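The values are calculated or read from the model by the stated rules, or taken from the named source; none is laboratory data. Just so it is clear, the model here is predicted, and its values are computed rather than measured. All Cβ positions, glycine included, derive from the backbone under ideal geometry; neighbour counts span all protein chains shown.
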Amino acid sequence: RKSTSDAAKKRVLRTTPDWEETAVNGDHLWVPTSVSGDFCYAGDSDCLRRGPRMRCSACNIISHHECIDVLVERLKFTCKPTFRDVGLRQYREQAAVEHHWVHRRSEKGRCKQCDKSFQSKLSFSSKEIVAISCSWCKAAYHNKESCFNNQRISEECKLG
C-alpha cells in the first residue's frame, strides 16, 4: 500500500485505522459527508471538483473523492498518526508528538496567541484561511505572522 501511481489507482479509503503489518502511518480515515459550505482541502489550483465530498474523521479535513489522491500523492498531506510502531524501550521514553496543523476557513473560539475571536465569514465562497488549528489539541491561531509563525510548526503538542 505504499505511495506509487499504481497504488494511488487502487487506494483503499479507510474508515478505521489499519492494524495490519502493511499499515501506512498517516493514512486518513475517510467517511462520506453531506457538508456543502466547506472547501476542498486540495485547494483551488489542485481541486478536481469531482465526486462526493469525504471528511477525514481524524483531522476533519474535507475533500472531493477524486481529490484524495492529489492530497496524498502530490501535496503529501498526511493525517495525524493513528499508531506508533516502537519497541518497549522507546515506548517508555515517551517521545514528543508534534502538532498536526490544519488550515481552516472558519473557526470558533479565540486565538491562543492574541485572545481575539476569529472573524466569521458571511459568504460560503470565501477562500481566505482564517485560522490554523492543531487536530490533536485543538489549539487555534489566526493565520497571520503575529499569531502563528514558522517556529510553532515543530512545537511539541501536549495532546489536549
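Below are the figures for this structure:
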| read-out | value |
| --- | --- |
| Odd one out for Y91 among (1) modelled with pLDDT of 90 or more; (2) among the aromatic types (F, W, Y); (3) farther than 18 Å from V31 by Cβ | (1) |
| Residues of the stretch 26-50 that turn out to be among the small types (G, A, S) and modelled with pLDDT of 90 or more, as a count | 1 |
| Flag if C67 is modelled with pLDDT of 90 or more and either more than 16 Å from V35 (Cβ to Cβ) or part of a loop (DSSP other than H, G, I, E, B) (or both) | no |
| Meets criteria (more than 14 Å from the chain's Cα centre (by Cα) and either surrounded by 15 or more Cβ atoms within 10 Å (Cβ to Cβ) or modelled with pLDDT of 90 or more (or both)) for A58 | no |
